[in-house]
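The structure appears right after this line, and notes come after that.
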Amino acid sequence: MEELIEKIKNLAETYSNNLNNQIEQRKEEMKADDNSHYLIYRVLGITIKEGQLIDEYQNTGRFLYKYAGSFLEEAATLCLKYKYPDGQKTKVVNTIGQRPKTFEIDFLNANDAIEVKWRDATTDGDHITKEHTRVQVIKAHGYKPIRIMFYYPQRAQAIKIQSALKTLYAGVNGEYYGGDDAWKYLEKYSGVDLKTILTKIANERTP
């Protein structure tokens, strides 16, 4: 277990360094940006200084969300791999439609096809259609679709879509875990309390 914790710490350090490098690079690039659109900001009562901060946070925020999601999904996969070393990322052929040609399973362990998500905030109706196809394809390949999503979205429409996905998984005898249930499922399945490990790392890095 100590080796796994060290791997997660090292992973956090790598993601943190890469994130900071990306943010600093983007800030440097933004110094050469055309800011003529600030005229419209000012018309709407936003000062130039406020506009600069908004643009800066909007740009860097994209990196944060991307890195946060990728880190958590990779850390969770390390936990799964710790308990089930033969499990792996796998692609299955789309036997129902033509696009996409394949669907990716984040962690396939025996018949358990686990999808790991940190958060899914989509409000696109087509997302449900694609997920429906994905789940049906995985089921047709003889696997059990399992979805673990650690954080629920905040907006009503996105939450509604997650509710529909939960029903979809239940309809094919799959499993769906969101929020606290996802953390508990991961701990039960892998034997690793990832949330406690991450809380400790977070407290060490930002006391």
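Data overview
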| quantity | calculated |
| --- | --- |
| Whichever residue in the stretch 23-43 is modelled with pLDDT under 95 and among the aliphatic types (A, V, I, L, M) and, among such residues, is surrounded by the most Cβ atoms within 10 Å (Cβ to Cβ) | I23 |
| Answer from I148, I138, I197 - the residue that is of a type in the set (A, V, I, L, M), touching a helix residue (DSSP H, G or I) at 6+ places or on another chain (Cβ under 7 Å) and buried (at least 19 other Cβ atoms within 10 Å of the Cβ) | I148 |
| Any chance T129 is farther than 24 Å from E6 by Cα, loosely packed, with under 12 Cβ neighbours inside 10 Å, out of contact with any helix residue (DSSP H, G or I) (no Cβ under 9 Å at 6 or more places or on another chain) and β-branched (V, I, T) | yes |
| Selection from the stretch 44-96 of residues that are exposed (fewer than 15 other Cβ atoms within 10 Å of the Cβ), in a strand (DSSP E or B) and not polar (S, T, N, Q) | K89, K91, V93 |
| Among (1) exposed (fewer than 13 other Cβ atoms within 10 Å of the Cβ); (2) modelled with pLDDT of 90 or more - the single one K184 does not satisfy | (1) |
| Residue count for the stretch 2-22, restricted to those that are farther than 24 Å from K83 by Cβ and exposed (fewer than 11 other Cβ atoms within 10 Å of the Cβ) | 1 |
| The stretch 151-185, residues that are under 13 Å from C79 (Cα atoms) and in contact with a helix residue (DSSP H, G or I) (Cβ under 6 Å, 6 or more places away or on another chain) | W183 |
| Selected residue (criterion: nearest to L186 (Cα to Cα)) from residues of the stretch 140-167 that are hydrophobic (A, V, I, L, M, F, W, C) and modelled with pLDDT of 90 or more | I148 |
| Any pair with Cβ under 7 angstrom, 6 or more apart, that starts in the stretch 14-34 at a residue that is closer than 16 Å to K66 by Cβ and ends at one that is surrounded by 12 or more Cβ atoms within 10 Å (Cβ to Cβ) and β-branched (V, I, T) | I23/T60; R26/T60 |
| Residues located in the stretch 97-126, provided they are exposed (fewer than 12 other Cβ atoms within 10 Å of the Cβ) and of a type in the set (V, I, T) | T102 |
| Complete set of residues in the stretch 140-166 that are hydroxyl-bearing (S, T, Y), under 28 Å from G87 (Cβ atoms) and more than 17 Å from the chain's Cα centre (by Cα) | Y143 |
| Odd one out for N10 among (1) at pLDDT below 95; (2) closer than 17 Å to L194 by Cβ | (1) |
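The values are calculated or read from the model by the stated rules, or taken from the named source; none is laboratory data. This is a predicted model, so every value here is computed, not measured. With ideal geometry, Cβ positions are generated from the backbone for all residues, glycine too; neighbour counts draw on all protein chains shown.
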